[in-house]
Amino acid sequence: MTPSEITPDILVTWFGHQRWKPETRKGYRCAIHAFFAWMALTGRIDRDPSESLPKIRRPHAHPHPCPDKVIITALCHANNDEMIMLRLGAECGLRRAEIAQVCSRDVMEDLLGKTLVVIGKGDKQRIVPIPDDLADMIEQKHGYVFPGRWTGHVEASYVGRHVRVLLGDGWSTHSLRHRYATATYMATHDLYLVSKLLGHESVETTQRYVALPDSRLREAMSCVKLLVT
């Protein structure tokens, strides 16, 4: 079947048979719409069949920061490498794939202290402040902090598995990242800064990482409470 033979009903039926998560479904819809819009704009087809595709809403994800007491308990049971994994997630906000490829040469030092060059999604780099003692632990590795069995570095799944076992009770590497986002926002009240430190493309994404502390919620409640005499 050629693109000119695709009808709105065919697209809707095809989408209906896919068992995708909302994020994946939204991505495919955007790609298909862009393709057929270009086909229509250049005169290759008479009408864009993707125009009738319904919009896809992603469910709002709630922040899930790992509690500090859980992290501290995990650190007590961790070996040296696992300790670095946990701290890179909780104190630097790295994704598990970013943790896996950390190298000693990624540590830099300036007048304000030490920072870490992080290679994020799409090979985009960002600079993240890092505690001096953690930077020292990384520099002592003289190469990849978590080397692969034969060459290169370990897979992201390797980091995720170790962290998940240490934290237990359903906590993951991503929950450490949520903890970092929440703690940083509490200290700075700057959502844009948190977004840059996490390597997000938009602040909208960052909002799903920051959990508003109970104390802030109670402060808000005290401001709206009616004083009845």
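Within region 46-85, the residues that satisfy the criterion of being open to solvent by 40 Å² or more (accessible area, probe 1.4 Å) and in a helix (DSSP H, G or I) are Glu51, Ser52, Asp68, Lys69, Ile72, Thr73, Leu75, Cys76, His77, Asn80, Asp81, Met83. Would you call Pro129 open to solvent by 40 Å² or more (accessible area, probe 1.4 Å) and touching a strand residue (DSSP E or B) at 6+ places or on another chain (Cβ under 8 Å)? The answer is yes for Pro129.
This table checks each residue for (1) closer than 30 Å to Asp133 by Cβ; (2) without any contact (Cβ under 8 Å) to a residue 40 or more places away in the chain; (3) out of contact with any strand residue (DSSP E or B) (no Cβ under 6 Å at 6 or more places or on another chain); (4) among the hydroxyl-bearing types (Ser, Thr, Tyr).
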residue	(1), (2), (3), (4)
Asp9	no, yes, yes, no
Lys26	no, yes, yes, no
Leu53	no, no, yes, no
Val70	yes, no, yes, no
Asn79	yes, yes, yes, no
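Within the option set Arg179, Arg164, being in a helix (DSSP H, G or I), within 24 Å of Thr73 (Cβ to Cβ) and open to solvent by 80 Å² or more (accessible area, probe 1.4 Å) holds for one residue only, Arg164.
Which members of region 182-199 meet the condition of being out of contact with any helix residue (DSSP H, G or I) (no Cβ under 8 Å at 6 or more places or on another chain) and either aromatic (Phe, Trp, Tyr) or open to solvent by 20 Å² or more (accessible area, probe 1.4 Å) (or both)?
Quick first cut of region 182-199, residues out of contact with any helix residue (DSSP H, G or I) (no Cβ under 8 Å at 6 or more places or on another chain) only: 182-183, 186-187, 189-190, 196.
Of everything in region 182-199, those that are out of contact with any helix residue (DSSP H, G or I) (no Cβ under 8 Å at 6 or more places or on another chain) and either aromatic (Phe, Trp, Tyr) or open to solvent by 20 Å² or more (accessible area, probe 1.4 Å) (or both) turn out to be Ala183, Met186, Ala187, His189, Asp190, Lys196.
With farther than 25 Å from Gln125 by Cβ, in contact with a helix residue (DSSP H, G or I) (Cβ under 9 Å, 6 or more places away or on another chain) and not polar (S, T, N, Q) as the only criterion, which of Arg87, Arg47, Arg96 stands out? Spell out the reasoning first.
On the way: Arg87 fails: farther than 25 Å from Gln125 by Cβ; Arg96 fails: farther than 25 Å from Gln125 by Cβ.
The conditions single out Arg47.
Residues in region 132-161 that are more than 17 Å from Leu116 (Cα to Cα), open to solvent by less than 40 Å² (accessible area, probe 1.4 Å) and assigned to a loop (DSSP other than H, G, I, E, B): Gly148, Gly152, Val154. Just need a number here: residues in region 99-121 that are free of Cβ contacts under 8 Å to residues at least 24 places away in the same chain and either surrounded by 17 or more Cβ atoms within 10 Å (Cβ to Cβ) or closer than 24 Å to Ser172 by Cα (or both). Number satisfying all stated conditions: 4. Scanning region 11-52 for residues that are within 29 Å of Thr205 (Cβ to Cβ), in contact with a Leu (Cβ under 9 Å, 6 or more places away or on another chain) and not charged (D, E, K, R) yields Leu11, Val12, Phe15, Ile32, His33, Phe36, Ser50, Ser52. When restricted to residues that are within 17 Å of Asp132 (Cβ to Cβ) and surrounded by fewer than 20 Cβ atoms within 10 Å (Cβ to Cβ), region 86-98 contains 1.
The values are calculated or read from the model by the stated rules, or taken from the named source; none is laboratory data. Predicted model, so just to flag it, every value in this text is computed and none were measured. Neighbour counts are summed over all protein chains in view; Cβ atoms, including those assigned to glycine, are modelled from backbone coordinates with ideal geometry. The accessibility values were calculated without ligands, DNA or RNA, using every heavy atom of the protein model including side chains. Shrake-Rupley method; radii C 1.70, N 1.55, O 1.52, S 1.80 Å.
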